[in-house]
1. Could you give every pair whose Cβ atoms fall below 8 Å, whose first residue belongs to region 144-164 and is within 13 Å of E31 (Cα to Cα) and modelled with pLDDT under 95, and whose second residue is acidic (D, E) and part of a helix (DSSP H, G or I), counting only separations of at least 6 or pairs across chains?
2. (1) touching a helix residue (DSSP H, G or I) at 6+ places or on another chain (Cβ under 8 Å); (2) part of a loop (DSSP other than H, G, I, E, B); (3) of a type in the set (A, V, I, L, M): which one isn't true of I63, the others all being true?
3. Take the residues in region 81-100 that are in a helix (DSSP H, G or I) and hydroxyl-bearing (S, T, Y); name whichever of them is surrounded by the most Cβ atoms within 10 Å (Cβ to Cβ).
4. If P103 satisfies all but one of (1) surrounded by 12 or more Cβ atoms within 10 Å (Cβ to Cβ); (2) part of a helix (DSSP H, G or I); (3) modelled with pLDDT of 95 or more; (4) out of contact with any strand residue (DSSP E or B) (no Cβ under 6 Å at 6 or more places or on another chain), what's the number of the condition it fails?
5. How about region 13-58: which of its residues are of a type in the set (D, E, K, R) and under 17 Å from the mean Cα position of the chain (by Cα)?
6. What single numbered condition from (1) more than 18 Å from the chain's Cα centre (by Cα); (2) within 30 Å of A60 (Cα to Cα); (3) touching a residue at least 12 places away in the same chain (Cβ under 8 Å) fails to hold for L72?
7. May I ask you to verify whether G78 is touching a Lys or Arg at 6+ places or on another chain (Cβ under 6 Å) and outside any helix (DSSP H, G or I)?
Amino acid sequence: MVRPSNKHLSAQIIEAKVDGDLVVASAHSSELREFGWKGACGNIPAAYLTGLLAGRRAKAGGISNAILDIGLYSRGPGSRIFAAAKGALTAGLTIPHDDSVMPPPERLKGQHVVAYSKRLSSEPETYKKFFSRYIKQKLKPEDLSDHLSEVESKIMTPAAEANK
């Protein structure tokens, strides 16, 4: 189950049972801070990392298959919901899906943010205004892709499985 809000996203692996559903693994985008994430928690790269974290936890719990439940949210190709699903797939879960709805790899890695920040660098005031949250977190938007790769590596380490 993937549920986005304006600023965050949650992903859960739920096992349906007659006497009540059981959450076997979950992740919330705010947890990414524990892995050093300095970016926003509601964008496509954060959704990918949240799905990756939920998928790692599910695999550690012996789960290997899942079905994507998006609830009543729209199924727009390339959305945060599908970015989270791609993260869970990267973690090793088997999820029935159509690759055409997944965000392209460059969006998952935040390369669209990097490209836009480079275009805005010639306009310092606009740059500062648009990327104020990144600057406040001491993350240059131009470094977002590299930063995401670092956080992704931390999530994929075996120690991250124990971080439930």
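1. Between residues of region 144-164 that are within 13 Å of E31 (Cα to Cα) and modelled with pLDDT under 95 and residues that are acidic (D, E) and part of a helix (DSSP H, G or I), the close pairs are N163/E34.
2. (1)
3. So in region 81-100, the residues in a helix (DSSP H, G or I) come out as 81-90, 99-100.
Narrowing the set further to residues that are hydroxyl-bearing (S, T, Y) leaves 90, 100.
On the way: T90: 18, S100: 8.
So, considering only residues that are in a helix (DSSP H, G or I) and hydroxyl-bearing (S, T, Y), the one surrounded by the most Cβ atoms within 10 Å (Cβ to Cβ) is T90.
4. (2)
5. The first filter runs over region 13-58 and keeps only residues of a type in the set (D, E, K, R), leaving 15, 17, 19, 21, 31, 33-34, 38, 56-57.
Once the filter is applied, which keeps residues that are of a type in the set (D, E, K, R) and under 17 Å from the mean Cα position of the chain (by Cα), region 13-58 yields E31, R33, E34, K38, R56, R57.
6. (3)
7. The answer is no for G78.
The values are calculated or read from the model by the stated rules, or taken from the named source; none is laboratory data. Bear in mind the structure is a predicted one, so any value in this text is a computation, not a measurement. Backbone-built Cβ (ideal geometry, glycine too); neighbour counts: all protein chains shown.
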